[in-house]
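> Pasting in a structure now, in structure tokens, and then I'll have a few things to ask.
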Amino acid sequence: MKKILALLSVAATFILAGCSPYTLVCSETYNNADLADYNTFRIVTPDQGALPKGMQMVTYYNIAAAIREQMVDRGFTEDASSPLLINIAVTVHREVATAPAYGPGSPVGPVFGPWGGFYPSFIWPRPYYWNPDARVITGIYKEGVLTMDMVDLDKREALYSSSVATVVDGSQGQYRNLEGIAEAVDKLFSKFPVPLLPQYQHKGR
């Protein structure tokens, strides 16, 4: 019996070790956008809005660095004048929605009717580019979900959105470290429509 329990314990350890703590919540392309048409990008900066509640600058820099690496490894060049803006959000709290999702004063992002729901808190306000008629993903958002929007600033048009759970360590209630954020962002890009360049396709991803 002891041998059986020991074997079960070892098997459970291997299973848990093989499970990623990150789950892709959604990956969606909007307006028939072809991201491969873009050669450059820029990442939202805190002075364009406000960091999500509880996020420190070091966490923002870690997330931005991980996103930057993913984009560069796909052949994009960072350019402060690029029309392609990458906006960042984290779902940080619960709101009760008593008005339509995109009505005046109501939260922007996935909501679940009058009983409320979690929604992402974006650095750059999402209403500036999110079309009220766009199909909203009704995936389950919970605290700590990292969401990334890609927007054509010239057209004020949403191109792509992806979300991953979760950049918050559930046991500690704090943002993950650089390594953890890099792994979460890797999952965030796991269904991105532009593939990695051949020389980066075997970086352990």
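> I need the phi-derived Karplus couplings for region 55-63: 6.51 cos²θ - 1.76 cosθ + 1.60, θ = phi - 60°, integer Hz, Gly and Pro marked x.
7, 9, 4, 4, 5, 4, 4, 5, 5
> Taking the highest mean first, how do the peptides 75-83, 122-130 order by number of other beta carbon atoms within 10 angstrom per residue?
For the peptides 75-83, 122-130, the packing ranking is 122-130, 75-83.
> Turning to a different aspect of this structure: How much of K191 can a 1.4 Å solvent probe reach, expressed as accessible area in Å² and rounded to 10?
Solvent-accessible area, nearest 10 Å²: 140 Å².
> Would you please calculate the Kirkwood hydrodynamic radius of region 22-79 over all C-alpha pairs and express it in Å, rounded to one decimal? Before the final figure, lay out each step's value.
On the way: mean 1/r = 0.0740 Å⁻¹.
About 13.5 Å for region 22-79.
The values are calculated or read from the model by the stated rules, or taken from the named source; none is laboratory data. Here the structure is a predicted model, which is why all the values come from computation and not from measurement. As a convention, Cβ positions derive from the backbone with ideal geometry for all residues, glycine included, and neighbour counts pool all protein chains shown. For the accessible areas, the whole protein counts, side chains as well, though only heavy atoms, and no ligand, DNA or RNA atoms are used. Shrake-Rupley method; radii C 1.70, N 1.55, O 1.52, S 1.80 Å.
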